[in-house]
Each structure stands twice: as structure tokens, then as C-alpha cells.
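Some notes on the structure that comes next.
The values are calculated or read from the model by the stated rules, or taken from the named source; none is laboratory data. All of these numbers come straight from a predicted model, not from anything done at the bench. So basically every Cβ, Gly included, is an ideal-geometry build from the backbone, and we count neighbours across all protein chains shown.
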Amino acid sequence: MEHAIKGVIKTVLPVQSGESKATGKEWKKLTFVLANNDGYEGQEQIFAFEIFGAEKVENFEKYNKIGQSVEVSFNIKTNEWKEKYYTSLQAWKVFASSDKVAPQEPENDVADSGDDMPF
């Protein structure tokens, strides 16, 4: 199933690379964080997307930067390993968006409750 979301590139993590144990082929992976204000009552939401493959990683780095408005087409994938499940958002298309979707600073009308979650 295909999904798409718009937002602003908030962070780009360093490229990871390695060699597949099964095939011996080299691989590259890039993770980037997208933010938008589509959360409850306009609060900021963040999404961490992964891009796999040397060519796709190079194209992402060439055409995208932090602060840029983009639309991301992605698939949701879950893997099981040793009876634990890991879900990832795998981006397969990232392109510039003309929409202004920059996250805004939330208004603090309520006093700080001290219940900030670490995530």
C-alpha cells in the first residue's frame, strides 16, 4: 500500500553503509526526519523515513536539504526478529512541495506540567 505525506525536512542523519551477510553486496541507508503540523490541534508531528540504495541516497542528498518543504511517498514495512517486531517508513519518492507546511512553534497557554516525555 502506498502512502504520501507533506512536511519540512527537519533532520538528516549520517549515511550508514555495510555489507549484506546473505549476498555480500554493499548497501547504503539514509534516515531523515520530516515534520508537519498535522497532529492533534495543529501540534507538530515528526516521522523518520529510511532511504535504501546508493543511487537513491545520493539523489536525496543532491536535491534535498534541511528546511525544505517536500512530499514523501512511502511504504510501511514491519520485520520480525527473535519474536520482536520493527516497523519502518521506507521512502521511495521525495520531491519538492510548493505548499507551505513549515512547522510552527506551539503556543504555550498552559503552564509547564513537567510531564515531558523523553521521546
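Residues checked against (1) closer than 20 Å to S97 by Cα; (2) at pLDDT below 90:
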residue	(1), (2)
K10	yes, no
P14	no, no
A22	no, yes
Q45	yes, no
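Of all residues in region 9-22 being in a strand (DSSP E or B) and among the hydrophobic types (A, V, I, L, M, F, W, C), which is nearest to S69 (Cα to Cα)? I'd like the intermediate steps shown before the answer.
Just the residues of region 9-22 that are in a strand (DSSP E or B), to begin with: 9-12, 16-19.
So of that shortlist, the ones also among the hydrophobic types (A, V, I, L, M, F, W, C) come out as 9, 12.
Working: I9: 7, V12: 14 Å.
Result: I9.
Residue-wise test of (1) assigned to a loop (DSSP other than H, G, I, E, B); (2) touching a Lys or Arg at 6+ places or on another chain (Cβ under 8 Å).
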| residue | (1), (2) |
| --- | --- |
| G24 | yes, no |
| V33 | no, yes |
| F47 | no, no |
| V57 | no, yes |
| V70 | no, yes |
| I76 | no, no |
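Has region 52-60 got any residue that is farther than 12 Å from V94 by Cα, of a type outside the set (K, R) and in contact with a strand residue (DSSP E or B) (Cβ under 6 Å, 6 or more places away or on another chain)? I'd like the intermediate steps shown before the answer.
Start the filter on region 52-60 by keeping residues that are farther than 12 Å from V94 by Cα, which leaves 52-55, 58.
Remaining after also requiring of a type outside the set (K, R): 52-55, 58.
Those still in the list that are in contact with a strand residue (DSSP E or B) (Cβ under 6 Å, 6 or more places away or on another chain) too: 52, 54.
Within region 52-60, one or more residues are farther than 12 Å from V94 by Cα, of a type outside the set (K, R) and in contact with a strand residue (DSSP E or B) (Cβ under 6 Å, 6 or more places away or on another chain).
Would you mind finding the one in K6, K28 that is basic (K, R), assigned to a strand (DSSP E or B), under 12 Å from the mean Cα position of the chain (by Cα) and surrounded by 13 or more Cβ atoms within 10 Å (Cβ to Cβ)? Break it down into steps so the answer makes sense when it comes.
Details: K28 fails: under 12 Å from the mean Cα position of the chain (by Cα).
Going through K6, K28 in turn, the sole match is K6.
Condition (residue is surrounded by 13 or more Cβ atoms within 10 Å (Cβ to Cβ), part of a strand (DSSP E or B) and in contact with a Pro (Cβ under 9 Å, 6 or more places away or on another chain)) applied to region 35-44: is it met by at least one residue?
Checked against the condition, which is being surrounded by 13 or more Cβ atoms within 10 Å (Cβ to Cβ), part of a strand (DSSP E or B) and in contact with a Pro (Cβ under 9 Å, 6 or more places away or on another chain), region 35-44 yields at least one hit.
Please go through region 47-78 and pick out each residue that is β-branched (V, I, T) and surrounded by fewer than 14 Cβ atoms within 10 Å (Cβ to Cβ). Before you say what the answer is, go through the steps one by one.
Within region 47-78, the subset β-branched (V, I, T) is 51, 57, 66, 70, 72, 76, 78.
Answer for region 47-78, where residues must be β-branched (V, I, T) and surrounded by fewer than 14 Cβ atoms within 10 Å (Cβ to Cβ): I66, I76, T78.
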